[in-house]
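The structure appears below as structure tokens.
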Amino acid sequence: MQETVSAESATILSIQVGQPEDAPATQSDGKRWTTGFLKRSATGPIRLGRLNFDGDGQADLKHHGGPDKAVCVYPSAHYPLWRSELHLDFVPGGFGENLTVAGFVEDNVCIGDIWKIGNAKVQVSQPRQPCWKLSRWWNIEDLAMRVQRTGRTGWYLRVLEEGYLKAGAAITLIDRPHCDWTIAAANELMHRDKKNLAAASVLANLPELSASWRATLTRRCHKQTESNPERRLFGDMQH
């Protein structure tokens, strides 16, 4: 592993943590609901373990959390755009993220990137796929889809070495094994370029990609190959 690689200067602007709570009813259906979206700014150094920050948790462990999604990151650069477009008072943590960062966006972060922050070491594992709770919290029915469509998704980190982080800490990129696979490129392939099986196969075989994304892309390749006799025949002739 190389010691240091060139990268834009990046910092943690804020850290947010929170346990699942009952959220207030929204105008859409009047029902209360439970979410880990309600995160609050953490002051001082906070410990990052293998699965989450101390004091953090997820309500839906089937779709959130786990080693591949221990930390949710969102770029501060997107907040002015959302404020302008939706006329809402979005502030850091407004997308339910643990880390709000400056200097990194989806175009300059890659699958497999390893960061050193404080005395912790983390790795980029996949883009974030916003769920319905984001839309419900802000009472904007298509907000999750807008996030996906614009590519302003943020991303997840796995924890390679536990440690302590604090707001204002510098983020040092110490390894970049897959410079072609930015978060933006992975989003494009997953959500728009769905017929590009060659690229899907390449991305699915990156060991640094999260298990859930690798499984989804592998199923896509198998499904489309099985439904296309000519593609299957050509594939057989390759061996």
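Rule-based calculations on the coordinates, nothing more; no lab input. What you see is a predicted model, and the numbers here were worked out from it, not measured in a lab. Methodologically, a virtual Cβ is constructed for each residue, glycine included, from the backbone with ideal geometry; neighbour enumeration extends over all protein chains shown.
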Worksheet item: Tell me, in nm to one decimal, what length is gained between VAL91 and GLN19 on full extension, where the rule is 0.36 nm per residue of separation less the Cα-Cα distance?
Response: 24.0 nm
Worksheet item: Any idea what log10 I(q)/I(0) is at q = 0.19, 0.25 Å⁻¹ for segment 50-133, Debye with uniform C-alpha scatterers and no solvent?
Response: -0.99, -1.48
Worksheet item: What is the gain in length, in nm to one decimal, between GLU188 and THR172 on full extension, counting 0.36 nm per residue of separation less the C-alpha to C-alpha distance?
Response: 3.1 nm
Discussion item. Calculate the FRET efficiency for THR218 and ILE140 from the Cβ-Cβ distance with a Förster distance of 30 Å, rounded to the nearest 0.05.
Written reply: 0.35
Response to the item:
With 0.36 nm assigned to each residue of separation and the Cα-Cα distance removed, ARG83 to SER201 gains 38.7 nm
